[in-house]
Amino acid sequence: MAPHGEADRKPAQADGTDTVAGRIADAVDGLSELWTTVAAEASVRLSPHQLRALHALEAAPGANLTMLAERLDAGLPTVSRLCDRLEAAGLLLREAAPHNRREIQLRLTTHGREVLAEVAGLRSRALTEVVRGLEPDDRAALEQGLRAFVEAQQDRARAEGG
């Protein structure tokens, strides 16, 4: 049986880039599944959307609801409800902004930062186990390929003005 999504792909181009792109997509799907599965083992069970929100707030402490909604590409009512749940779980604080008392800033609590660290540790250990199962030559090839991929992605972003 074909791997998930493989049957939906177009035939490979002569240079094989479609095949490689398909394998990368399969690997990303597998990594995403690993990320979600392992995150469910944390002491606080969070949805992928909740984790994304916590990561966004970790990167931009003091963001308001509008900024968080933009980062999550979600509507304000959805993000407000998401924050309600995170606040109720003790992972998020809503505070009045010092420069404008009507604006509400969002900040992670100590517990929120601890949960993110726990999830990161679980994910790192799970990924280490997967990589440990690779043959040394495959591990080296994967590392080299990932470096080249990141460089090509950065080159593309620079060429597009990003």
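Residues R85, R125, R94, R81: which one is modelled with pLDDT under 95 and of a type in the set (K, R)?
R94
Does any residue of region 83-104 turn out to be assigned to a loop (DSSP other than H, G, I, E, B) and open to solvent by 70 Å² or more (accessible area, probe 1.4 Å)?
yes
Residue under question is E58, and the condition is that it be among the acidic types (D, E), in a helix (DSSP H, G or I), open to solvent by 70 Å² or more (accessible area, probe 1.4 Å) and at pLDDT 90 or above; does it hold?
Yes.
From (1) within 22 Å of V44 (Cβ to Cβ); (2) of a type outside the set (D, E, K, R); (3) within 20 Å of the chain's Cα centre (by Cα), pick out the condition that doesn't hold for Q154.
Here Q154 meets the rest and fails (1).
The values are calculated or read from the model by the stated rules, or taken from the named source; none is laboratory data. All values derive from a computational prediction rather than experimental measurement. Every residue, glycine among them, receives a Cβ derived from its backbone with ideal geometry; neighbour counts consider all protein chains shown. Calculation scope for accessible area: heavy atoms of the full protein, side chains included, ligands and nucleic acids excluded. Shrake-Rupley method; radii C 1.70, N 1.55, O 1.52, S 1.80 Å.
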